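The values are calculated or read from the model by the stated rules, or taken from the named source; none is laboratory data. This one's a predicted model, so the numbers in the text were calculated from it and none came from an experiment. Note that each Cβ is placed from the backbone with ideal geometry, even for glycine, and that neighbours are counted across all protein chains shown. Side chains are part of the model used for accessible areas, which takes the heavy atoms of the whole protein and leaves out ligands, DNA and RNA. Shrake-Rupley method; radii C 1.70, N 1.55, O 1.52, S 1.80 Å.
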Amino acid sequence: MATLIRSKLSNKLSNAATTVSNKSQAKVSGMFARMGFQAATDEEGLGFAACDDLDYDHRQGMQMDILTTDEMGGEGSGEALDGDSHYQRDGTGPPNSASKDGDLVNELTEAKPKITAWEAGWNVTNAIQGMFVLGLPYAILHGGYLGLFLIIFAAVVCCYTGKILIACLYEEDEDGQLVRVRDSYVDIANACCAPRFPSLGGHVVNVAQIIELVMTCILYVVVSGNLMYNSFPNMPISQKSWAIIATIALLPCAFLRSLKAVSKFSLLCTMAHFVINVLVIAYCLSRARDWAWDKVKFYIDVKKFPISIGIIVFSYTSQIFLPSLEGNMQKPSEFHCMMNWTHIAACILKGLFALVAYLTWADATKEVITDNLPPTIRAVVNIFLVAKALLSYPLPFFAAVEVLEKSFFQDGGRAIFPDCYRGDGRIKSWGLSLRCILVVFTLLMAVFVPHFALLMGLTGSLTGAGLCFLLPSLFHLRLLWRKLLWHQVFFDVAIFVIGGICSISGFIHSMEGLVEAFRYNIQE
């Protein structure tokens, strides 16, 4: 009898200890899931790669349902709890315990917030309706009605390529159901290059992403110097000096460990930008009687229009973060609808803004349209734009730093250089110096090539066309060509060819302009 009592007590204690251990693992897994880290090791990830449940739950933030049972005793209970971490799809699978432990686990699994289609649309709108729309009237100057057509065409193509990029994340399982087996643009690129070069595609995408992010930082410095110089033309400070002053204010970005502090200003900056756009359009409407309709023609400036193509394409770039955005939506099925109305709205607003601004100033339209405003209004509007540019700079800068650090300093045993962080998580002095060098590099580029339109056209032609036109259509054909209809194949091929032509021509003309500008600044 005593032996039986001891056996039961031993089983109860073992079950309780195992339950506590599982709860702790659930807490840690839930915490890391909310932070964006994968709970499983690389070896475990390889073992579960073929499981639909793991693929689905990895994109949903690693929602884990821990199988626990406090009511079952003996060895059977211990076996049920062995390997208790079970990845489930849509909450299906073995039920949780009805005990308090199960309730706690349910709370942990449901803690990761998801975004609605409206919130996802707001994020896309922020990406494609940023301050770089200020260069669109300059594109109309060199393209006329064809420039307006390209604004519409780019919206249609970018909306389509965004959808097919998301389609590349999914594959059909044995039951014919679509299951998300990839999580990012890099995963898609690697899948296309497998099995011969399994990491080549990811490296190409990372390089394109770094170039686009760094060029975006340079554009913020250029536009800050340009706006301040044109706001206070009577002050004895050159545009280069204003760019240096702006960069000094941006040096603290090298010390950033997270964007928590900066992200608080993002909504305010976006709202301020919309107000500025409204002010510019209101001023243009006040001069509607003087609009120069005769200046808008069906002609193109052969030398400068390819640069305009890059400007228009760059204003629509959002593909790089769409996989992450779709994976965090409450209803991923609403992604297509969200892409439709965001790009339709962007097309209408950009077209109206570019046309109205060009009609107001016609051939006098400048690279940054706010420079055409009267001095009193210009100073106020430009100061707000400079503040927005300076507050926006940390976002692409921090993203570029993260990509560089993970690729060259934190890639485990494959990293080229030693880790730039100490054991306590603080960055090493030489790592901080490299960040400062990156800030200074953006300044040097802005000083030697202070041309907003040229830099924007180059970035749009080089990385914008690649990430928005070429790669999505190529990946779509490579991964899903057996399931595509003939018209889908035709669209993909056409987009690839047109995107390639626009990219090459825009890159060549932008580089010619940049080389001339660089030589001119060196001679000065």
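Among the residues making up the range 362-389, a single one is touching a Lys or Arg at 6+ places or on another chain (Cβ under 7 Å) and hydroxyl-bearing (Ser, Thr, Tyr): Thr370. Within the set Arg519, Arg482, the sole residue that is at pLDDT below 90, under 26 Å from Gly135 (Cα atoms), charged (D, E, K, R) and part of a helix (DSSP H, G or I) turns out to be Arg519.
Can you say whether Val207 is open to solvent by 60 Å² or more (accessible area, probe 1.4 Å), under 27 Å from Leu471 (Cβ atoms) and free of Cβ contacts under 8 Å to residues at least 40 places away in the same chain, as far as the supplied structure shows? Considered against the rule, which asks whether it is open to solvent by 60 Å² or more (accessible area, probe 1.4 Å), under 27 Å from Leu471 (Cβ atoms) and free of Cβ contacts under 8 Å to residues at least 40 places away in the same chain, Val207 comes out as yes.
For the range 137-149, which residues satisfy the criterion of being surrounded by fewer than 24 Cβ atoms within 10 Å (Cβ to Cβ) and in contact (Cβ under 8 Å) with a residue 24 or more places away in the chain?
His142, Gly144, Tyr145, Leu146, Leu148
Residue count for the range 264-279 under the criterion of being modelled with pLDDT under 75, assigned to a helix (DSSP H, G or I) and touching a helix residue (DSSP H, G or I) at 6+ places or on another chain (Cβ under 7 Å): the result is 3. Each residue in the range 192-204 was checked for being within 20 Å of the chain's Cα centre (by Cα) and either modelled with pLDDT of 90 or more or surrounded by fewer than 20 Cβ atoms within 10 Å (Cβ to Cβ) (or both), and 2 of them qualify.
Taking every residue in the range 235-246 that is in contact (Cβ under 8 Å) with a residue 40 or more places away in the chain and closer than 15 Å to Phe448 by Cβ and pairing it with any residue that is open to solvent by less than 40 Å² (accessible area, probe 1.4 Å) and not in a helix (DSSP H, G or I), at least 6 positions away or on another chain, the pairs with Cβ-Cβ distances below 6 Å are Gln239/Pro450. Residues in the range 418-437 that are part of a helix (DSSP H, G or I) and open to solvent by less than 30 Å² (accessible area, probe 1.4 Å) were compared, and the one that is farthest from Val133 (Cα to Cα) is Gly431.
Open to solvent by less than 20 Å² (accessible area, probe 1.4 Å) and either closer than 21 Å to Phe255 by Cα or in contact with a strand residue (DSSP E or B) (Cβ under 9 Å, 6 or more places away or on another chain) (or both): does that describe Tyr358? No.
Which of the residues that make up the range 456-473 are surrounded by 24 or more Cβ atoms within 10 Å (Cβ to Cβ), under 11 Å from Gly506 (Cα atoms) and of a type in the set (A, V, I, L, M)? Within the range 456-473, Met456, Leu458, Ala465 qualify. Counting only residues that are at pLDDT 70 or above and either closer than 29 Å to Arg426 by Cβ or aromatic (Phe, Trp, Tyr) (or both), the range 245-263 holds 12 of them. Residues in the range 172-192 that are small (Gly, Ala, Ser), part of a loop (DSSP other than H, G, I, E, B) and touching a residue at least 24 places away in the same chain (Cβ under 8 Å): Ser184 only. Taken residue by residue, the range 311-334 has at least one member that is hydroxyl-bearing (Ser, Thr, Tyr), open to solvent by 60 Å² or more (accessible area, probe 1.4 Å) and more than 20 Å from the chain's Cα centre (by Cα).
Just the residues that are open to solvent by less than 70 Å² (accessible area, probe 1.4 Å), among the hydrophobic types (A, V, I, L, M, F, W, C) and more than 25 Å from Leu462 (Cα to Cα), please, taken from the range 153-191. Within the range 153-191, Val179, Val181 qualify.
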